[in-house]
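Asker: If you scroll down you'll find the structure; I have some questions about it.
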């Protein structure tokens, strides 16, 4: 077991990007279904009604899912950013300390 934490920054950034893509896909699903509803002149009304009922039931959970996916993506990205900033600031401080020990500063 390690005495320090290792944060996979690129993995966190990848997760943030993937979740943003997932959110965009989910947002686009309803638009695509709305475009399809009613295209059939024989059963168009039934299709339109089924799509409306489905999205009526799915809208609340879908909105919560979209919100949570967005938040999780944001948090993943922020963790990566803050960790990177901490690493950069720590490295700078340690480098300055090492330079003082070597008498170069």
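The values are calculated or read from the model by the stated rules, or taken from the named source; none is laboratory data. Since the structure is predicted, the reported quantities are computational estimates derived from the model, not experimental observations. We place every Cβ from the backbone using ideal geometry, glycine too, and count neighbours over all the protein chains shown.
Asker: Listed residues 71, 31, 100, 78; which is farther than 26 Å from residue 5 by Cβ, assigned to a helix (DSSP H, G or I) and at pLDDT 85 or above?
Answerer: 100
Asker: Please find, within region 37-48, the residue that is modelled with the lowest pLDDT out of those that are surrounded by 13 or more Cβ atoms within 10 Å (Cβ to Cβ) and in a helix (DSSP H, G or I).
Answerer: Looking at the filtered set, the residue picked out is 44.
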